[in-house]
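Scroll down for the structure; my scribbles are underneath it.
Read-outs throughout are calculated quantities, based only on the coordinates presented, and are distinct from any laboratory measurement. Everything quoted here is computed from the prediction, not taken from an experiment. Glycine also receives a Cβ, built like all others from the backbone with ideal geometry; neighbour counts cover every protein chain displayed.
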Amino acid sequence: MIIYTPYGNTVNLTRTGYEKQKAIFKNKRKILEIAIKQNDEYFIMKDIDIIYSWGIEEMKDFLGKNIDYGAVALWPHRGKIEHTNHVSSSFMMIRTKAVELFEYTKGCFCHHICRNLRNRGWKVGYIEGKIIHL
């Protein structure tokens, strides 16, 4: 299993407008393009500002037991896991066969990948684990 981290940005990293989101989307889409060419059952997408503690084996076990899930992420907050439509792709294990490339419209990459997976019948959610998103 490969852990991919997006690299580089081609725009000013201010949070105004959609240029930053488009640059992040472009980098993460490159990861999807590379990952689908590999022969791995799963891969991890990990943002550069994530500190990982534990949960990779738990994500792999979860996807192995829940074949209706296309992706699972580690809950990046303290407290009870919330079930939300916005599942962060900052540290996400993705089932390679669930990946389909999609185009940017508006918003964050997380929204795009979750919507794409769900529109094709896959579930996406959080499980317990420990990461810190700086």
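Suppose we keep only residues that are of a type in the set (D, E, K, R) and not in a helix (DSSP H, G or I) within segment 95-124. Which one would you say is surrounded by the most Cβ atoms within 10 Å (Cβ to Cβ)? Talk me through it step by step, then tell me what you get.
Filtering segment 95-124 down to residues of a type in the set (D, E, K, R) leaves 95, 97, 100, 103, 106, 115, 118, 120, 123.
Now narrow it down to the ones that are not in a helix (DSSP H, G or I): 95, 100, 103, 106, 120, 123.
Details: Arg95: 20, Glu100: 14, Glu103: 8, Lys106: 9, Arg120: 10, Lys123: 16.
Checking each candidate, the answer is Arg95.
Going through Lys46, Lys60 one at a time, which residue ends up being surrounded by 11 or more Cβ atoms within 10 Å (Cβ to Cβ), basic (Lys, Arg) and within 12 Å of the chain's Cα centre (by Cα)? I'd like the intermediate steps shown before the answer.
Working: Lys60 fails: within 12 Å of the chain's Cα centre (by Cα).
Only one candidate passes the filter, namely Lys46.
Write out, first by first residue and then by second, each pair whose Cβ atoms fall under 6 Å of each other, whose residues are 6+ apart or on separate chains, and whose first residue, in segment 25-53, is basic (Lys, Arg) while the second is part of a helix (DSSP H, G or I) and surrounded by 12 or more Cβ atoms within 10 Å (Cβ to Cβ).
Within 6 Å, the pairs are Lys28/Phe109.
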